[in-house]
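Note sheet for the following structure.
The values are calculated or read from the model by the stated rules, or taken from the named source; none is laboratory data. Everything numeric in this text was worked out from a predicted model, so none of it was measured. Cβ atoms come from the backbone with ideal geometry, glycine included; neighbour counts cover every protein chain shown. Heads up: the accessible areas ignore ligands, DNA and RNA and are worked out on the full protein's heavy atoms, side chains in. Shrake-Rupley method; radii C 1.70, N 1.55, O 1.52, S 1.80 Å.
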Amino acid sequence: MAKAKATPEPEHDAASAEATAASAASAPAPGDEAMPAAEKSTRTLPRLPALPSLPVRPPRPSRESGAEPSDPAVITPAATGARDARDRARDARRLARRAAAARRAVERVEVRRFTRRSRHRRAALITAAAVVVALVGSVAIAVFSPLLSLQTITIEGTSRVDEKAVLKSLDSQIGKPLALIDFAAVKSDLSEFPLIESYVTETMPPHTLVIRITERSPIASVKIGKTFELVDPAGVVISSATKRPAGVPVVKVTGDALDGKVYRSTAEVLLALPSQLLKRVNSVSASTADDVTLKLTTGETVVWGSADQSTKKALLLTGLIKDHTARDPDQAVEYDVSAPDNGIIRTK
């Protein structure tokens, strides 16, 4: 029995595929057998137009590979007219300007974001400097400007002090700015008037200085020779006259000056008396600071002693006078309040 010989499978390669395609193209299509040979020779397939070749974009390198990007492909533009070229150039410039403007806007936003703190600090420094400049300018105007110079001085509270003499002594301050008035010189000028006990100054912009004066109040008169000196509690002579001043008692101080201890003791006693009781005191005498004696206008004598506890002694004396007036007002008596806890009424 004869064995069948194995037939090898044909190899399908590119050459055989091309031969097969060529034979299929040369084989007559169905219906072509009846077509005359002359008509076959004149029939051809239509030619398709060639497609323009497009540039091929180079492959993008992968991030994993780390390869450097290659140069971009150069596209050669098709031949166009001059107008198209100008339009493209104009469009390119416009796009470039827009891109540059957008980039600048982004840069400005970033700059403002990163410099916000420094801008705020600079604004605070500028504000503080402006405030300082304004304050310095205001002070300079107040100190040096003639718009706030002294032109009027007003004196208040004077009765015995010569107001015109006081104003004349202060003429050197006229014309000075209010902030530059020399108050030490004002004090020196007013100290020339012994009747001024104290004073208060007040500047009233733009041109006025007000001086409120407190005059010395007389509390007694002292006879020196044939002259009566009207004195205040400090022993300062307010005025002099040949006649006894009315309304104040006469102080007789033995062997002591007006600024001595004996006079100060008598002045303390007079200052402690109520106004109604002070009007009834005719004279005060003392040889020492501990034996002050009062003489009333009604003839009674008051042994006061020292100036200690004078307020309490004044209340005791008021009670004793009231009691004596209620019992026997015509009887001449002497009141002793040298011990403020034990008042005595002695008959004469």
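Assorted remarks:
- Solvent exposure ordering (accessible area, 1.4 Å, most first) of Phe144, Phe228: Phe144, Phe228
- Long-range HN-HN contacts of Ser239 with modeled amide H, under 5 Å: Leu230
- Proximal lysines to Lys168, defined as alpha-carbon separation beneath 21 angstrom and excluding residues fewer than eight positions away on the same chain: Lys176, Lys187
- Within segment 135-222, the GluC sites (Glu not before Pro) that combine a DSSP coil assignment with at most 12 other C-beta atoms in a 10 angstrom radius are Glu192.
- Tail beyond 19 Å, pair distance distribution of segment 250-348 (Cα, percent): 36 percent
- Rolling a 1.4 Å probe over the protein heavy atoms gives segment 251-348 an accessible area of 53 Å² per residue.
- Restricting the trypsin sites (Lys or Arg not before Pro) of segment 181-281 to loop positions (DSSP other than H, G, I, E, B) with no more than 14 neighbouring Cβ atoms within 10 Å leaves Lys226, Lys243, Lys279.
- Of Lys226/Lys348; Lys261/Lys313; Lys252/Lys322; Lys164/Lys279; Lys279/Lys322, those spanning more than 22 Å from alpha-carbon to alpha-carbon: Lys226/Lys348; Lys252/Lys322; Lys164/Lys279
- Rounded to the nearest whole Hz, the Karplus-based 3J(HN,Hα) values (6.51 cos²θ - 1.76 cosθ + 1.60, θ = phi - 60°) of segment 264-277 follow the sequence 4, 5, 5, 5, 5, 5, 5, 5, 7, 6, x, 4, 5, 6, with x at glycine and proline.
- Backbone amide hydrogens, once placed in the peptide plane, bring Ile153 within less than 5 Å of Leu209, excluding anything fewer than 5 places away on its chain.
- Annotation: amide H of Gly305 within the under-5 Å range of Val292, sequence separation 5 or more or interchain, hydrogens built in the peptide plane.
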